[in-house]
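Asks: Right, I'll just put the structure down here and ask away after.
The values are calculated or read from the model by the stated rules, or taken from the named source; none is laboratory data. Keep in mind that what you see is a predicted model, and the values were worked out from it rather than measured. Every residue, glycine as well, gets a Cβ built from its backbone with ideal geometry; the counts of neighbours run over all protein chains shown. Ligands, DNA and RNA are excluded from the accessible area calculation, which covers all protein heavy atoms including side chains. Shrake-Rupley method; radii C 1.70, N 1.55, O 1.52, S 1.80 Å.
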Amino acid sequence: QVQLVESGGGLVQGGGSLRLSCAASGTIFSINAMGWYRQAPGKQRELVAIITSSGRTRYADSVKGQFTISRDNAKNTVVLQMNSLKPEDTAVYYCYGNLQRNWGRGYDDYWGQGTQVTVSS
């Protein structure tokens, strides 16, 4: 079984910062990409940032220069540093992992339960 557990969400004033962390645990042989998605009320889930095992990153245009994603491959963790937060960043943030549970098995997508980020104006 695989679990992705997020931490670090909460309420912050506009202009403030939050740091989200996610740890993958369980039977894991290899992790390809890890990242963060978010879903605001009434909207579809959207990509925020993603990072590959080699460190290549991709960000949503709306968060470039504002958010930074990093990863510790040895610990199977991913961190999203969010600065200069705006009310429109309010959403549930989900950790994502594309990983291989056993050698020879394909890669599958896994999701965390989500953590609420609320930015007040």
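Asks: As an exercise: evaluate Leu11 against (1) in contact with a strand residue (DSSP E or B) (Cβ under 9 Å, 6 or more places away or on another chain); (2) at pLDDT 95 or above; (3) over 14 Å from Thr118 (Cβ atoms); (4) open to solvent by 50 Å² or more (accessible area, probe 1.4 Å) and give the number of the one condition it does not meet.
Replies: (3)
Asks: Answer yes or no as to whether Asn102 is part of a strand (DSSP E or B) and surrounded by fewer than 20 Cβ atoms within 10 Å (Cβ to Cβ).
Replies: no
Asks: Okay, moving on. So, Pro87, is that one closer than 24 Å to Leu18 by Cβ and modelled with pLDDT under 95 or not?
Replies: When the stated conditions are applied, Pro87 does not pass them.
Asks: Considering each of Ile51, Ile69 in turn, give the residue that is at negative phi, free of Cβ contacts under 8 Å to residues at least 60 places away in the same chain and touching a Lys or Arg at 6+ places or on another chain (Cβ under 8 Å).
Replies: Going through Ile51, Ile69 in turn, just one is at negative phi, free of Cβ contacts under 8 Å to residues at least 60 places away in the same chain and touching a Lys or Arg at 6+ places or on another chain (Cβ under 8 Å): Ile51.
Asks: So which residues in the stretch 20-71 are over 12 Å from the mean Cα position of the chain (by Cα) and under 16 Å from Ser7 (Cβ atoms)?
Replies: Once the filter is applied, which keeps residues that are over 12 Å from the mean Cα position of the chain (by Cα) and under 16 Å from Ser7 (Cβ atoms), the stretch 20-71 yields only Ser25.
Asks: Filter the stretch 19-43 down to the residues that are of a type in the set (Phe, Trp, Tyr) and in a strand (DSSP E or B), then identify the one that is least open to solvent (accessible area, probe 1.4 Å).
Replies: Trp36
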